[in-house]
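What follows is a short report on a single structure.
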Amino acid sequence: MISLSKKYLTSIEDLSEDEILNLITRAIEFKRNKEGNSNKKALDGKTLALMFEKPSTRTRLSFETAMFQLGGNTIYLNANDLQVSRGESMQDTAKTISLYVDCLVARVYSHDTIVKLAQNCKIPVINGLSDLYHPCQVLADLMTILEHKKSFKGLTLAWVGDGNNVCNDLLIGSAKMGINIKAAIPRGYEPPVEILKIVTHESKLRETDFDIVREPIDAVNNADIVVTDTFVSIGKENEDDKRRSIFIPKYQVNGKLMGSSKDNAIFMHCLPAKRGEEVTSDVIDGNKSVVWDEAENRLHVQKSLLVSLLD
Ligand code: CP
Ligand code: NVA
């Protein structure tokens, strides 16, 4: 049994290095199905609510499947169908949800909503994506890195593109696990200063490198891991044209850029991908790509997380 010091997950920052490693180790056991049939009842009688303000394919599917396979139940709540859409406060919504279910996953526009939910729910709250963080994705990403690279130490991760929600948590999580980081991000699109301070602090503690560069080649050259994400996250659609003009083609991960990474490098993307924008099909479908492992690992690592928070 892994006990977590915090009974919620708003950002990967809520977890220590040991807690991340323990969650991943348990997830790898789930993946190998080592624990056999005993898992089928691990969350017997437990209900997970999933409140979504934004669309999702992987997050909803993987959480619903995880609960089903562990013997629990789920309730999907489209935020538009709740009274919150007619003005009920998020605080009162949180208190109400706590009366009926055992855990809440929320996908929201503003990270403040996650904070309000976590403060007002008597049950564990898991961030299923906010404008600032995507911790479940990053747990799956770190699991995928460990599976492919066997150890975190000495690796260099290159982030290419927008300093967005996935980037924020991936930089924090990578720094905590002792991975060197080179992030190629255009000026004005970097993570918020407070997040850069956390990454710098975690990197210093472990004597690893953390650099922000402007040229993608300076990040990807000789990297072990190359990661990108959409240039236009959900909620940024009104900046679509401006973002495209800044990011494309310079920050696109294509065969030429990927060719400068190590021969045994891996390519990662949380998905959904906009092929031809942040990544080309030859890269995402190429032999360095591990994007389907990342997507699958959402299921295993979220089982590990749910059992730790609920069992
Ligand atoms: N990666 C991820 O969170 O995917 P969805 O938006 O489909 O849930
Ligand atoms: N950065 C993306 C991630 C989607 C899973 C977004 O927020 O839309």
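The values are calculated or read from the model by the stated rules, or taken from the named source; none is laboratory data. Predicted model, so just to flag it, every value in this text is computed and none were measured. No Cβ is skipped: glycine too gets one built from the backbone with ideal geometry, and neighbour counts run over all protein chains shown. Just the protein is used for accessible areas: all its heavy atoms, side chains included, with ligands, DNA and RNA removed. Shrake-Rupley method; radii C 1.70, N 1.55, O 1.52, S 1.80 Å.
Residues of the range 30-57 that are surrounded by fewer than 17 Cβ atoms within 10 Å (Cβ to Cβ), of a type outside the set (Lys, Arg) and modelled with pLDDT under 95: Asn33, Glu35, Gly36, Asn37, Ser38.
Applying the criterion of at least 2 residues that are open to solvent by less than 10 Å² (accessible area, probe 1.4 Å) to the strands (runs of 3 or more DSSP E) found wholly in the range 66-144 leaves 103-107, 125-127.
Looking only at residues in the range 137-162 that are near ligand 2 (Cβ under 10 Å from one of its atoms) and not small (Gly, Ala, Ser), which one is nearest to Leu306 (Cα to Cα)? Steps first, please.
Residues of the range 137-162 near ligand 2 (Cβ under 10 Å from one of its atoms): 137, 161-162.
Now narrow it down to the ones that are not small (Gly, Ala, Ser): 137, 162.
Working: Gln137: 14, Asp162: 30 Å.
Going through the qualifying residues, I end up with Gln137.
Can you tell me which residue in the range 239-255 is least open to solvent (accessible area, probe 1.4 Å), limited to those that are more than 20 Å from Ala223 (Cβ to Cβ) and of a type outside the set (Gly, Ala, Ser)? Checking each candidate, the answer is Arg243.
Being more than 16 Å from ligand 2 (Cβ to nearest atom), of a type outside the set (Phe, Trp, Tyr), modelled with pLDDT of 95 or more and more than 20 Å from Asn168 (Cβ to Cβ): is that true of Leu77 here?
yes
Within the range 256-310, being basic (Lys, Arg), free of Cβ contacts under 8 Å to residues at least 12 places away in the same chain and either open to solvent by less than 30 Å² (accessible area, probe 1.4 Å) or within 16 Å of ligand 2 (Cβ to nearest atom) (or both) holds for one residue alone: Arg275.
With the requirement that a residue be part of a helix (DSSP H, G or I), away from ligand 1 (no atom under 13 Å from the Cβ) and touching a residue at least 60 places away in the same chain (Cβ under 8 Å), what does the range 30-65 give you? Quick ask: steps written out before the conclusion?
As a first pass, look at the range 30-65 and keep what is part of a helix (DSSP H, G or I): 30-32, 36-41, 58-65.
Next, from what is left, pick out any that are away from ligand 1 (no atom under 13 Å from the Cβ): 30-32, 36-41.
Phe30, Lys31, Asn39 - these are the residues of the range 30-65 that are part of a helix (DSSP H, G or I), away from ligand 1 (no atom under 13 Å from the Cβ) and touching a residue at least 60 places away in the same chain (Cβ under 8 Å).
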